[in-house]
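Chemist: One structure follows; several queries about it will come next.
A short reminder: the numbers here are calculations on the coordinates, not readings from a lab. What you are looking at is a predicted structure, and each value in this text was computed from that prediction instead of being measured. Methodologically, a virtual Cβ is constructed for each residue, glycine included, from the backbone with ideal geometry; neighbour enumeration extends over all protein chains shown.
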Amino acid sequence: MAQMTAETIRRLARENFDYEIGPEVAEAMAGSIGALLAMTGQFLALGLDGIEPAFGYSNLVREAEALAGRAK
């Protein structure tokens, strides 16, 4: 698996968001992202089929409807 490096983080932030990240912050982010990527192989074993992501469209619609109902 490819490694997420601090330089990659800095380049992505610069090229995609026109944002500069310091080397220490980028190094910490690379470590966190690397750990998350390493765990992704275990997700299939968790049996999460049928569970929608927290920010999936239908969940967002339900939350918006609930918030709209509270605002009335």
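Chemist: Please name whichever of Leu44, Ser58, Met4 sits farthest to the positive end of the charge dipole of the chain, dipole taken about the Cα centre and charges placed at Cβ: Lys and Arg +1, Asp and Glu -1.
Modeler: Toward the positive end, the furthest listed residue is Ser58.
Chemist: Relative contact order for the chain using alpha-carbon pairs under 8 Å, separation at least 6, rounded to a whole percent?
Modeler: 24
Chemist: Which order do the peptides 19-25, 29-35 take when ranked by the mean count of other beta-carbon atoms within 10 Å per residue, highest first?
Modeler: Highest-to-lowest ranking by the protection proxy: 29-35, 19-25.
Chemist: Using a simple spin-label model with points 7 Å from Cα along the Cα→Cβ vector, what separation in nm is obtained for Ile33 and Thr5?
Modeler: Taking the simple label geometry, Ile33 and Thr5 are separated by 1.3 nm.
Chemist: Placing unit charges on C-beta atoms (Lys and Arg positive, Asp and Glu negative, everything else neutral), compute the dipole magnitude of the chain about its Cα centre in debye, rounded to 20.
Modeler: In debye, rounded to 20, the chain gives about 260.
Chemist: Still on this model: Add -39500 (n - 2.57) for each DSSP H run of 4 or more in the chain, then divide by its residues: what number comes out at 222 nm, to the nearest 500 deg cm²/dmol?
Modeler: The per-residue figure over the chain is -20000 deg cm²/dmol.
Chemist: Here's a follow-up. If I compute Rg/Rh (Cα atoms, Kirkwood Rh) from the structure I just sent, which labelled value in (i) 1.03; (ii) 1.11; (iii) 1.17 lines up?
Modeler: Computed from the coordinates, Rg/Rh (Cα atoms, Kirkwood Rh) corresponds to (iii).
Chemist: Would you kindly state how much longer the chain becomes between Ala68 and Leu48 on full extension, computed as 0.36 nm times their sequence separation minus their alpha carbon distance, in nm to one decimal?
Modeler: Taking Ala68 through Leu48 to full extension adds about 4.2 nm, to one decimal.
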